[in-house]
């Protein structure tokens, strides 16, 4: 796949949620499809492209770390009261695939040019919050090692 890097601007014509896109692409929601008839074919082409890109990435040896995403519900005091697992569906995978491809492309260009580059890292989690999460999870029979 070819690419071009340049100054760009995004002009949003609609603001869609993952849920809306999933209902259109997975469930053929007629009402939403009618509402977004000007972009539904673009969404379908994006879905097909993302699926092809994902398949190619796995053929090249990529590993699937899709573990779902935790949604933590907090009470008014900011303490966790419930954890749900949010499934990655079509819309989430579509955006994820485009983001991964973009990030990999930019990183490859900087590496080939031997230019300094800042990579995103995740900070070490706060010990107190990890301990609170461990206590919360223990109420559901889960054990989270905290290093103590």
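Every read-out reported here was derived from the displayed coordinates using simple, explicitly stated rules and does not represent laboratory data. None of these values were measured; they are calculated from a predicted model. Virtual Cβ from ideal backbone geometry, glycine too; neighbours counted across all protein chains shown.
Things worth noting here:
- Order of 13, 102 under a 10 Å beta carbon neighbour criterion, fewest first: 13, 102
- Sorting 90, 8 from the fewest to the most surrounding beta carbons within 10 angstrom yields 8, 90.
- Taking other C-beta atoms within 10 Å as the exposure proxy, 101, 17 rank 17, 101 from fewest upward.
- Label-point gap, in nm, between residue 71 and residue 103 - each point 7 angstrom along Cα→Cβ: 2.2
- With the Kirkwood sum run over all distinct C-alpha pairs, the chain has a hydrodynamic radius of 19.3 Å.
- Taking 7 Å steps out from each Cα toward its Cβ at residue 52 and residue 10 produces label points 2.3 nm apart.
- Only DSSP H runs of four or more residues enter the estimate; each adds -39500 (n - 2.57), and after division by the residues of the chain the mean residue ellipticity at 222 nm equals -15500 deg cm²/dmol.
- For q = 0.25 Å⁻¹, Debye-computed log10 I/I(0) when each Cα of segment 1-72 counts as one equal scatterer: -1.14
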